[in-house]
1. Out of curiosity, is Leu124 modelled with pLDDT under 95, under 29 Å from Gly362 (Cβ atoms), touching a Phe, Trp or Tyr at 6+ places or on another chain (Cβ under 8 Å) and of a type outside the set (Gly, Ala, Ser)?
2. For Ala251, are the conditions met, namely being assigned to a helix (DSSP H, G or I), under 20 Å from Val162 (Cβ atoms) and within 18 Å of the chain's Cα centre (by Cα)?
3. Restricted to the range 106-125, and to residues that are assigned to a loop (DSSP other than H, G, I, E, B), in contact (Cβ under 8 Å) with a residue 24 or more places away in the chain and over 20 Å from the mean Cα position of the chain (by Cα), which residue is surrounded by the most Cβ atoms within 10 Å (Cβ to Cβ)?
4. Name the single residue that is modelled with the lowest pLDDT among those in the range 90-111 being under 26 Å from His363 (Cα atoms) and hydrophobic (A, V, I, L, M, F, W, C).
5. Out of the residues in the range 146-186 meeting the condition of being surrounded by fewer than 19 Cβ atoms within 10 Å (Cβ to Cβ) and among the hydrophobic types (A, V, I, L, M, F, W, C), tell me which one is nearest to Leu219 (Cα to Cα).
6. Determine which single condition Gln371 fails, assuming it passes every other condition in (1) modelled with pLDDT of 95 or more; (2) under 20 Å from Gln128 (Cα atoms); (3) not hydroxyl-bearing (Ser, Thr, Tyr).
7. Name the single residue that is modelled with the highest pLDDT among those in the range 221-252 being within 16 Å of Ile174 (Cα to Cα) and loosely packed, with under 14 Cβ neighbours inside 10 Å.
8. Which pairs turn up if I take residues in the range 126-137 that are free of Cβ contacts under 8 Å to residues at least 12 places away in the same chain and look for partners that are in a loop (DSSP other than H, G, I, E, B) and among the hydroxyl-bearing types (Ser, Thr, Tyr) with beta carbon separation below 7 Å, at least 6 apart in sequence or on another chain?
Amino acid sequence: MTSPTASRERGPSQDRLGLRLPPEYNERVPDRPFDPSARQAELAARGPVHRLVMGDGDEAWLITGHAEARAVLADQRLSADRFRSKRVLDKLPPELRELLTDPAIRAGNLLGSDPPDHTRYRKLLTGQFTVRRMKQLAPRVHDIVTGHLDAMTAAGDRADLVTAFALPVPSLVICELLGVPYEDRAEFQERTGTLVQLDVDGAEVVEVIDGLRAFMRDLVRAKREAPADDLLSGLIEAAPELTDDELVNIANLLLVAGHETTANMLALGTFALLEHPEQLAKLRADPSLVENAVEELLRFLSIIHLGPIRTTKEEITVAGVTIPADTTVIVSVPTANRDPRNLADPDVLEVTRPRPSHLAFGHGIHQCLGQQLARVELAVAFTELLRRLPDLRLDLPPEEVPLRSDMLIYGVHSLPVAWG
């Protein structure tokens, strides 16, 4: 095995995660917008496990191999709760440390919890996110998609696909699923957009989280008084013991994850298809390929471009490398999904590829709950977009498309397109 490599660059940080990493770990270059960052790809070529030294001198380990990433994400000796570590908390700004140790904030934190708390929350939510229920949503998703395409084409022969289609479609779907009034979307979209920026300071993060919690607390109380046919009401009925804090935090996680990820996959996936015309032609010629295409785009694009993040509870060994206890471990999903040991021609986008093994939705007990909903939304959206707009094209040079290298979730800030 290639020996682990150390990186000692210094630069801007993801301070609210307790990490300080140079921007090249996230930045995608304009002429290769669909590939992992050059720095992550360079490390992956050397081996599957790499020691990093953060800007504050802290040690972390980057996992770039597919098999190694799966092993780490399934290993109960690693914790999803980064803030269980005093070492991590001591490096945070005081206002963030206070926020992240507040029991009201930690309640219901599905992403950042371990068993048994995680097991309890996950079981409750799994009952709401069944494959059957998600497939039953397909007709409503179809109505939402076609309605937005109707509005987009009625307005002219060009649009920003992000604001006209890719963002509002999953936003409306998750609003209806949770029972969030869609007229409030501007409020939560602005706040969640701030929350996923890499360069937001601690005080602003605190303000945004407080705003989102106040927004959702009002909704939780309304649902307790007047339940409806939605997921939030279903949770209240299924688990009356859940506190308002637990419900608020669970619902906000679903709200943020339910529109940010799918919106960026839809926009970036469209960009990728337009830049791979031979793959676009295959999909147009045979729309039944759409489910294969969705899986391949999820693998190929990997919009979670740094993470998931874990903390070792004890010393572990990964690919022959010993990682000490109480150490940060970062999974590189983009490089794991391009691991040539796992897949032939991993740098090639191929919509006819048999369903690949990928980590776009994570792995292990924290694997994405909403993955079936995301698959339904993406399949319907790509099918109707390509059917309704057979001459869809970029409305600017591809190198000018603004990339979301500055965000926790990769994608494009805008995607000007034209047709007709």
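1. Here the answer is no, as Leu124 does not meet what is asked.
2. no
3. Ala107
4. Restricting to residues being under 26 Å from His363 (Cα atoms) and hydrophobic (A, V, I, L, M, F, W, C), the top hit is Leu100.
5. Ala186
6. (1)
7. Looking at the filtered set, the residue picked out is Ala228.
8. Close Cβ pairs satisfying both conditions: none exist.
The values are calculated or read from the model by the stated rules, or taken from the named source; none is laboratory data. Values in this document were obtained by computation on a predicted structure and should not be read as measured data. Counting neighbours? That spans all protein chains shown, and the Cβs are built from the backbone with ideal geometry, glycine included.
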